[in-house]
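Undergrad: Mind having a look at this structure? Questions to follow.
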């Protein structure tokens with residue numbers, strides 16, 4: 001067997017939100033390949049179990065926690081379920097998010113609040129909920145998943161982009177606050193990535209993918225596996241001197257706008 005791409009994570013217990021598909025599922029598989037036990041969190045139990053089966057088939061271990069992160073009590077319940085199963089928590093990947101591409105006139109307060117509850121409040125309080133465990137761990141790492149939308153003006157993404165800008169800021173300020181305790185907090189800001197989330201806003205997915213690729217200097221959209229490798233690296237001791245970073249993983253999208 002080849003060496004893991006992110007050494008130092010064997011037997012670590014890592015929570016991954018939004019793990020039923022896309023970047024979260026790819027991250028769970030990558031972390032499992034590095035020897036970690038993954039806690040798969042998401043709203044769809046069947047999707048989580050399908051990913052857990054794939055991980056088990058590859059010789060890894062995973063535990064599923066079905067939860068709606070928009071619910072205020074979800075962070076505490078997720079942390080408690082993880083402790084009941086493994087007795088500790090070593091790392092956290094805040095990946096779950098929702099996105100709607102609407103002009104300002106179509107937004108309701110309910111949709112607005114749902115975006116902030118899922119995309120901002122849940123990551124913040126998940127970090128709070130697992131912090132006692134991180135302080136006792138040797139891994140002590142959090143990876144937040146933002147988006148290039150948090151840095152770019154993109155029509156129809158006023159609310160989603162604002163939540164991702166908030167995640168960028170949250171990453172930096174918590175990295176500073178927790179550095180003295182040795183807890184590292186970093187962020188990946190993906191550009192267009194081939195995941196099911198695009199189907200939630202695009203009526204013509206093929207056309208949407210063509211348009212997205214045109215926004216990227218490298219001329220293509222990325223893959224979930226490309227993001228997953230960076231997630232594992234940022235959690236691992238390979239990145240032991242990195243904290244407060246917001247890493248654009250976007251093929252140069254933030255450098256190029258037509």
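Rule-based calculations on the coordinates, nothing more; no lab input. Since the model is a prediction, treat every value here as computed from it, not as a measurement. Backbone-built Cβ (ideal geometry, glycine too); neighbour counts: all protein chains shown.
Undergrad: Compare the peptides 177-189, 226-238, 102-114 by average per-residue count of other Cβ atoms within 10 angstrom and give them in order, highest first. Please report the intermediate quantities before stating the final value.
TA: Working: 177-189: 19.1, 226-238: 22.1, 102-114: 10.8.
Highest-to-lowest ranking by the protection proxy: 226-238, 177-189, 102-114.
Undergrad: Report the FRET efficiency, 1/(1 + (r/R0)^6), for residue 225 and residue 46, where r is their Cβ-Cβ distance and R0 is 22 Å, rounded to 0.05.
TA: Details: r = 22 Å, r/R0 = 1.02.
In this case the efficiency is close to 0.45.
Undergrad: Sticking with the crude label model, points 7 Å out along Cα→Cβ, report the distance from residue 83 to residue 214 in nm, one decimal please.
TA: Simple spin-label model gives 5.2 nm for this pair.
Undergrad: Using alpha carbons only, what's the Rg to Rh ratio of the range 30-93 with Rh from Kirkwood?
TA: Numbers: Rg = 11.7 Å, Rh = 12.2 Å.
A ratio of 0.96.
Undergrad: Along the principal axes of its C-alpha atoms, what lengths does the range 6-65 span, in descending order and rounded to whole Å?
TA: The Cα atoms of the range 6-65 stretch 30, 20, 17 Å along the principal axes, largest first.
Undergrad: Now for a different question. Given a Förster distance of 41 angstrom, what is the FRET efficiency for residue 73 paired with residue 247, based on the Cβ-Cβ distance and rounded to 0.05?
TA: So, using R0 = 41 Å, E works out to roughly 0.85.
Undergrad: Hey, another quick one. Quote the Stokes-Einstein diffusion coefficient, in whole µm² s⁻¹, for the range 13-249, based on the Kirkwood radius over alpha carbon pairs, a temperature of 4 °C and a viscosity of 1.567 mPa s.
TA: In µm²/s, the coefficient rounds to 73.
Undergrad: When the chain is fully extended, how far beyond the present Cα-Cα distance does residue 136 get from residue 255, taking 0.36 nm per residue of separation?
TA: Residue separation times 0.36 nm, minus the Cα-Cα distance, leaves 38.9 nm.
Undergrad: If the chain between residue 128 and residue 57 were fully stretched, how many nm would it gain, using 0.36 nm times the residue separation less the Cα-Cα distance?
TA: Fully extending the segment from residue 128 to residue 57 adds 22.3 nm.
Undergrad: How far is helix 74-86 tilted off the main Cα axis of the chain, in degrees rounded to 10, range 0 to 90?
TA: Helix 74-86 sits at roughly 30 degrees to that axis.
Undergrad: Could the peptides 133-144, 23-34 be put in order, highest first, of the mean number of other beta-carbon atoms found within 10 Å of their residues? Write down the numbers at each step before the final one.
TA: Details: 133-144: 20.6, 23-34: 26.8.
Listed from highest to lowest mean packing, they are 23-34, 133-144.
Undergrad: Between 44, 121, 210, which gets the highest mean-square fluctuation from a Gaussian network model of the chain, Cα cutoff 10 Å?
TA: 210
Undergrad: Using r as the Cβ-Cβ distance of residue 177 and residue 111, and R0 as 25 Å, what FRET efficiency do you calculate, to the nearest 0.05?
TA: So the FRET efficiency works out to roughly 0.20.
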